[in-house]
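Read the structure below first, then the notes.
The values are calculated or read from the model by the stated rules, or taken from the named source; none is laboratory data. The shown structure was predicted, so the numbers you read here are calculated from the model rather than taken from an experiment. Here the Cβ is made from the backbone with ideal geometry for all residues, glycine too, and neighbour counts use every protein chain on show.
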Amino acid sequence: MTALRTSSPRRLAMRRFLGRPVAVAGLIAIGLFVVVAALAPLLAPFDPIVTSWTAIRKAPSWAHWMGTDENGRDVLSRVVFGARASMMAGVVSVAIAAGIGVPAGLLAGFAGGWTDTLLSRAVDAMLACPFLILAIALAAFLGPNLTNAMIAIGVSTAPRFMRVARAATLDAASNDYVEAARAVGNPAWRVAVRHILPNIVPPVLVQGTLAIASAIIAEASLSFLGLGQQPPDPSWGSMLNAAQRFLTQAPWLAVFPGMAIFLCVLSFNLVGDGLRDALDPRQR
Amino acid sequence: MRRFLLAAACLLTFSTATQAQTLRIALREDPDILDPTLARSYVGRIVFAGLCDKLFDLNEKLEIVPQLATAYEWADAKTLILHLRQGVVFHNGEKFDAAAVKFSLERHLTMPASFRRSEIGTIDQVEIVDSATVRIVLKAATSPLLAQLTDRAGMMYPPKATEAAGKDFGQRPICSGPFQFVERVAQDRIVLERFPGYWDAKAVHFDKVVYRPMPDSTVLTANLRAGSIDLAERVLPTDVATIEADAKLRIVSSPALGYEGITFNLANGDRSKAPIDQSALLRQAFEAALDRKALVDVVFAGKYQPNAQAISPASPYYIPDIPTGPRDLARAKALVRQSGIPTPIAVSMNVPNTPDRAQLAEVIQAMVREAGFELKINLIEFASSLQAAAQGNFETYLIGWSGRADPDGNLYSFMHTGGGQNDAHYSNPVVDDMLDRARQISDVADRRAAYAKMWQAQRADMPLIYLFSPVNIVGHTAKLTGFRAVPDGMIRLQGLALGK
Amino acid sequence: MKSHLGNRIAQIVPTLLLVSILVFGLQQLMPGDPAVVLAGEERGDPRVLAQIRAELWLDRSLPLQYLHWIGNVLQGNLGMSWHIGQPVSQLILQKLPVTLQLGGMAFIVAVAIGVPAGVVAAVHRNGFWDYVANAIGLAGLSTPNFWLGIMLILLVSVNLGWLPPSGFVPPTEDWRQSLATTIMPAFVLGNAIAAILMRHTRSAMLTALDADYVRTARAKGLGEFRVIVWHALRNASMPIVTLGALELGTLLSGAVLTEQVFSIPGFGKAIVDAVFNRDYPVVQGVVLVTAFLYVVLNLLADILYVVVNPRLRSG
């Protein structure tokens, strides 16, 4: 360990991360998904919402690599455009979750006492409620569309971030330099932002990547229940929802969007895993 | 499967006279409360068909036939005399007589939160003439009353047991049907067993009936094919080909009584200010842009019937002159131009989020786009959509109705000023007048004439665009005999039998 | 230690109270007015709506509604389902065994896959098998439950015809059928948890394999298999067990979509249907019971973790 002291912990983590080919592969795959989502209009061979009554539920062919759906739309194009909804849902809902959870965790860990007890109990209560029920209720309340699905997922994921942030805050707050900074008379908020926040970044980053993975699945689940993306715009979950009626007649409707979710989520999980190993070697 | 067959074969050889036969029926949803006075759901009615006899029944031709009442006569337009079947007992042994009829109808009429009150609210008094005869006095002449008595409002209760059970009746319903209640596990099964004291016992060929909710169509079809279900109601049209290809299964299709349509919010709150809600021309354009046949072909494999009125082709009140198409895009565009509203015209549509409705909405969206309508689909779950409809929080609403035997049940509450399901707040004196008149007369030709006049006014205003009438598609094992396809979609257990 | 435990137990009640307030509040946020939903065809009639509201206490103030409900709950009365007119407690009693059976089987699946995979991964640390075990684990975590369920139905039931596609048969009726109907959903639910178990088994095993007693055992010349299973795994099992208890908690409620796909009449399906029917007493009752089980399992996990394995107290 002493030999490595010359490099900064960040660079060290980076090196550890890059040393894991699987994690790097995940990162590349995410990059590809982002590119696909961003360049969807260029990459998709067809307009994802243009219907064709003469070509409904056609099996994969040279013209339509993934076949056509129940309205004669090109499944490949819909999977490509669906990447937008899923990536957005993953990233935005986790941003919301972190935006609520991290400050709350920071506050709970730093302030302690009653604030901590109250916040922790609230988190316990939220975690004791089935996650999907929270999300379903929220999505039903806000009205089903993609934005609200993201908010619903974000809010119901927030307690996890709060827990992670609180634990990391407690950990960091026990460090000598934090106590020293406090003793010198720095205002609490400055100590929190200056000294504690940097310390909770690694675990939150790890939690974040893994949470994106589950958020993508959650969005698919909500869409599967009809509480996500509004038609005719595609999302992988809503494609699966529509596919359910045609499992025997047109299995490709369910296979391809499902594969897309799987690969995308797997990539985030691989990266999250790699990050955890790289940033928090004690976990090993 | 082979082992199962073997076991079945063993059973057959060992039990000769008293073989325990069970009929397993798949329902598309889990029914609500099993109390005919308080029940609301369509599937619930299917379970009641095995559990509770009614005063009258419907046959395949929608004619009213005797069940617990053997005959009726109108003493005058407001007085109905019922002659009751003798020797009928309820599941608990109580006798069915005039007192039971009076009790039951009064329970339907007076129980708090009764959903039957509006169906038979015209009843003023029920008088016992003798133990086998009742006289029903109406507040006003009401021709749809008899049809109501073929449904839940005509289901009879044993007075003592019902009184004792009070609001808990639905937990252990007691009626006089061919089967009696055994148990219910919500979302899983409802079990009935043969009622030995049934008055028409020779028509009952099963010892047990099990109803199982199966909302997922793939699962339903797979169960049917695997032989774990004997009969399934409301098979999806898109599954028909699969079932027909299976030699062990049969499909029975018959026109249903319901419809699917688009309700426009004419005057219910601020959302009714949308251009399409304010302009009959635009609504007519909207209709002209729809290709009902293509719609049914794409979404329902061509099995349902394109229809532009609330009345099913199965009904004698169906008016063939009301055109269901063809699509006339040129006319649609002309009407839009005539309205003077610049395109694209934004229209928002509330759609309950079942997959087939969502697809239907998508198809409509694509069709009307060509006429200059930018349809925004607002998928919401059913409960929210009902609330939005009641509160006027919609521009248009894609919704269906399961349908009733009498045309009044498909029209009055939707179209009459102040009707219970008139979410559009539609109001037209001519329509009201004709609906009221049709209620008061009982001659079929006269009623048809009144309805024809009503349709004329209705189609000019177009508060509701009807799209199609569904078809009752029942899938069952080839071994099942005696299934009768009555348009109301109920599964009558009398006469059903499982052969070899 | 005792005070810690006492604390935790004392916190159960406030947590559950918070849950009850949370569920109650969430429902108020949902748009569908239960009176309108219940009124159905009569929703246009204000008299009907008023009558329903009065009957269900929906016309009282929210705090009063809450107190009325929670008061009854504290007396052991969970109320009646508005939708099907059965007591909520009866509903829960009907569904609890189903959920427990499914959860239990899923747990067995998870352990059967997760623990051996974790052991193999630890033994072959950073080797080929470690990667394989990891990849399988992550794949399990990354598959949406409902999609895996759909694919299994498609493959195993529709194409191969090996297992019934859905539904549930109680073991009291026919235990073989019961097993046949729950094995697929149990696998779907269990495989994601297997991944989590696998990782924790791996890290617990790594710690154990490094420990002195394992080195001693090896030095004594014991066979490698025996060292791994007898010494290392036994010592690594405690964290695995406690983690398992935790995951069992999430199994209870996390099965919503799996139950939906396989039409299993357990808690998950009960809640979803009740939410969509606006059957508040059922939503509240089932969530409360789930939360209670979750909290108790959590507590058990904690107790196991701390009491049985004192070495971990400081860590």
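Report yes if B:Gly419 is more than 10 Å from chain C (Cβ to nearest Cβ) and surrounded by fewer than 24 Cβ atoms within 10 Å (Cβ to Cβ), otherwise no.
no
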- Task: Among the residues of the range A:244-262, count how many are touching a helix residue (DSSP H, G or I) at 6+ places or on another chain (Cβ under 7 Å), more than 11 Å from B:Thr218 (Cβ to Cβ) and either surrounded by fewer than 23 Cβ atoms within 10 Å (Cβ to Cβ) or in contact (Cβ under 8 Å) with a residue 24 or more places away in the chain (or both).
- Result: 7
- Given (1) buried (at least 17 other Cβ atoms within 10 Å of the Cβ); (2) touching a Lys or Arg at 6+ places or on another chain (Cβ under 6 Å), where does B:Pro463 come up short, assuming only one miss? (2)
- Message: Could you go through the range B:381-393 and let me know if any residue there is more than 12 Å from every other protein chain (Cβ to nearest Cβ) and of a type in the set (Phe, Trp, Tyr).
- Response: no
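Assess whether A:Ser214 counts as being within 14 Å of chain C (Cβ to nearest Cβ), closer than 23 Å to C:Ala255 by Cβ and out of contact with any helix residue (DSSP H, G or I) (no Cβ under 7 Å at 6 or more places or on another chain). If you could, list the steps in order and put the result at the bottom.
Working: within 14 Å of chain C (Cβ to nearest Cβ): yes; closer than 23 Å to C:Ala255 by Cβ: yes; out of contact with any helix residue (DSSP H, G or I) (no Cβ under 7 Å at 6 or more places or on another chain): yes.
The answer is yes for A:Ser214.
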- Of the numbered conditions (1) assigned to a helix (DSSP H, G or I); (2) surrounded by 15 or more Cβ atoms within 10 Å (Cβ to Cβ), A:Pro48 fails exactly one; give the number of that condition. (1)
- Task: Select from the range B:161-193 the residues that are under 18 Å from B:Gln67 (Cα atoms) and out of contact with any Ser or Thr (no Cβ under 8 Å at 6 or more places or on another chain) and write down the one among them that is farthest from the other protein chains (Cβ to nearest Cβ).
- Result: B:Pro178
- Query: Among the candidates B:Ala301, B:Ala288, which residue alone is touching a helix residue (DSSP H, G or I) at 6+ places or on another chain (Cβ under 6 Å), surrounded by fewer than 23 Cβ atoms within 10 Å (Cβ to Cβ) and on the phi > 0 side of the Ramachandran plot?
  - Reply: B:Ala301
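Please indicate, with yes or no, whether at least one residue in the range A:273-283 is crowded, with 16+ Cβ neighbours inside 10 Å and free of Cβ contacts under 8 Å to residues at least 60 places away in the same chain. I'd like the intermediate steps shown before the answer.
Residues of the range A:273-283 that are crowded, with 16+ Cβ neighbours inside 10 Å, as a first pass: A:273-279.
From the residues that got through so far, the ones that are free of Cβ contacts under 8 Å to residues at least 60 places away in the same chain too are none.
No, that holds for no residue.
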- Query: So is C:Leu22 crowded, with 19+ Cβ neighbours inside 10 Å, at pLDDT 80 or above, facing another protein chain (nearest Cβ under 8 Å) and in a helix (DSSP H, G or I) or not?
  - Reply: yes
- Query: Taking B:Pro144, is it out of contact with any Cys (no Cβ under 9 Å at 6 or more places or on another chain) and either surrounded by fewer than 17 Cβ atoms within 10 Å (Cβ to Cβ) or in the same structural domain as B:Ile491 (by TED's automatic domain parsing) (or both)?
  - Reply: no
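Going by the structure shown, is C:Val169 under 22 Å from B:Ala26 (Cβ atoms), within 13 Å of chain B (Cβ to nearest Cβ) and in a helix (DSSP H, G or I)?
no
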- Message: If a residue must be away from chain C (no Cβ under 14 Å), in contact (Cβ under 8 Å) with a residue 60 or more places away in the chain and either closer than 22 Å to A:Ala168 by Cβ or aliphatic (A, V, I, L, M) (or both), how many such residues does the range A:76-102 contain?
- Response: 15
- Note on the structure: Checking C:Pro265, C:Pro310, C:Pro281 in turn, the sole residue that is farther than 14 Å from A:Ala128 by Cα, surrounded by fewer than 24 Cβ atoms within 10 Å (Cβ to Cβ) and modelled with pLDDT of 85 or more turns out to be C:Pro281
- helices (runs of 4 or more DSSP H) enclosed by the range B:381-500 - at least 2 residues per element that are in contact with a helix residue (DSSP H, G or I) (Cβ under 7 Å, 6 or more places away or on another chain) and farther than 26 Å from B:Pro323 by Cβ: B:382-391
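Before we move on, is B:Arg327 in contact with a helix residue (DSSP H, G or I) (Cβ under 8 Å, 6 or more places away or on another chain), of a type in the set (D, E, K, R) and buried (at least 23 other Cβ atoms within 10 Å of the Cβ)?
no
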- Task: Could you check, for the range C:61-75, whether at least one of its residues is surrounded by fewer than 16 Cβ atoms within 10 Å (Cβ to Cβ), in contact with a Lys or Arg (Cβ under 9 Å, 6 or more places away or on another chain) and more than 9 Å from every other protein chain (Cβ to nearest Cβ)?
- Result: yes
- Message: Name the residue that is surrounded by the most Cβ atoms within 10 Å (Cβ to Cβ), counting only residues in the range C:145-166 that are more than 9 Å from every other protein chain (Cβ to nearest Cβ) and in contact with a helix residue (DSSP H, G or I) (Cβ under 6 Å, 6 or more places away or on another chain).
- Response: C:Gly149
- For B:Ser442: the one exception among (1) modelled with pLDDT of 95 or more; (2) closer than 30 Å to B:Gly177 by Cβ; (3) in the same structural domain as B:Asn428 (by TED's automatic domain parsing): (1)
- Task: Within the range B:161-184, track down each residue that is of a type in the set (Val, Ile, Thr) and crowded, with 17+ Cβ neighbours inside 10 Å.
- Result: B:Thr162, B:Ile174
- Query: For the range B:54-100, what are the residues that are among the hydroxyl-bearing types (Ser, Thr, Tyr) and either surrounded by 15 or more Cβ atoms within 10 Å (Cβ to Cβ) or more than 30 Å from B:Ala256 (Cβ to Cβ) (or both)?
  - Reply: B:Tyr72, B:Thr79
- Task: May I ask you to list pairs of residues, at least six apart or on different chains, whose Cβ atoms are under 9 Å apart, with the first in the range C:90-109 being more than 10 Å from chain B (Cβ to nearest Cβ) and the second being of a type in the set (Asp, Glu)?
- Result: C:Thr99/C:Glu259; C:Leu102/C:Glu259; C:Phe107/C:Glu247
- Filter result for A:Phe224 (crowded, with 24+ Cβ neighbours inside 10 Å and not hydroxyl-bearing (Ser, Thr, Tyr)): yes
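Out of the residues in the range A:239-255 meeting the condition of being more than 7 Å from every other protein chain (Cβ to nearest Cβ) and under 23 Å from the mean Cα position of the chain (by Cα), tell me which one is nearest to A:Phe81 (Cα to Cα).
A:Met239
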- Query: On the given criteria, is A:Met126 modelled with pLDDT of 85 or more and either closer than 28 Å to C:Leu251 by Cβ or touching a Leu at 6+ places or on another chain (Cβ under 6 Å) (or both)?
  - Reply: no
- Item | Some residue of the range A:230-237 being touching an Asp or Glu at 6+ places or on another chain (Cβ under 6 Å) and under 18 Å from A:Thr51 (Cα atoms) | yes
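Can you find even one residue in the range A:225-238 that is away from chain B (no Cβ under 14 Å) and closer than 22 Å to C:Leu155 by Cα?
Residues of the range A:225-238 away from chain B (no Cβ under 14 Å): A:236.
Restricting the remaining residues to those that are closer than 22 Å to C:Leu155 by Cα gives A:236.
Within the range A:225-238, one or more residues are away from chain B (no Cβ under 14 Å) and closer than 22 Å to C:Leu155 by Cα.
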- Task: State whether the residues of the range A:131-150 include one that is more than 13 Å from every other protein chain (Cβ to nearest Cβ) and surrounded by 23 or more Cβ atoms within 10 Å (Cβ to Cβ).
- Result: yes
